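Note sheet for the following structure.
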């Protein structure tokens, strides 16, 4: 497997998109429950103050840089990262392969309206896709046993969890072996994008490191505080990382 590198106290895997897709295929064949997360500047910032979340990332089989912001930051620190690999884009790239290989998929997250819309859209775009179950992401701890039982019974090959952090990390990590899913992926807000509620940033915007701004402009009232605080904190963390590395 391609090498790893430590960045801001988190162990990442230096994978390209094609290598990530190949790795997921291998994990599905291995049938051992594994976790995959992609980390944005926001998630990296949050993880600095949350040892439990850092431990979850440390135990994941795949941890990639989610955005060009993290990619450029790593390169600035002398880390030869191939490219950013967001779990959202991985899911989109994975779907044709999932149809061809008849992978069983389960979708967990977003509102009931959104996740139902995602199922409808995917079945329309990918005839023959095998979606064995879905469930909205609004539940309380007492509901978890039933959700886990449903996932285990439907036996998906890949579980897509579109919930906010740290909820998706906590759910996947806590129930990983109970669910028995070969690949459980935290995919952020991709369900909203597939359902047409939000738009994915164009490649040029992403390459400029402005994916966060594109997202902010779609929901400024909800996103302004998150990005103001986490972006400022991330810049401070990056400065510290550069000083630590002598750059």
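Read-outs: derived from the displayed coordinates by stated rules, not from any lab. All values derive from a computational prediction rather than experimental measurement. Here the Cβ is made from the backbone with ideal geometry for all residues, glycine too, and neighbour counts use every protein chain on show.
The table below gives the values:
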item	result
DSSP bridge pairs, the chain: antiparallel proportion in percent, nearest 5	15 percent
25 °C / 0.890 mPa s Stokes-Einstein diffusion coefficient of segment 4-244, Kirkwood radius on C-alpha pairs, µm²/s	134 µm²/s
Fewest-first sequence of 179, 17 by Cβ atoms within 10 Å of each Cβ	17, 179
Rounded to 10°, Cα long-axis angle of helix 112-125 versus longest principal axis of the chain	80 degrees
Rounded tilt (10° steps) of 17-30 against the dominant C-alpha axis of the chain	40 degrees
CD proxy at 222 nm, helix term only [per DSSP H run n ≥ 4: -39500 (n - 2.57); per residue of the chain; nearest 500]	-16500 deg cm²/dmol
DSSP beta bridges in segment 1-83 [antiparallel fraction, %, rounded to 5]	50 percent
Crossing angle, helix 167-179 versus the chain [Cα axis fit, 0-90 degrees, rounded to tens]	50 degrees
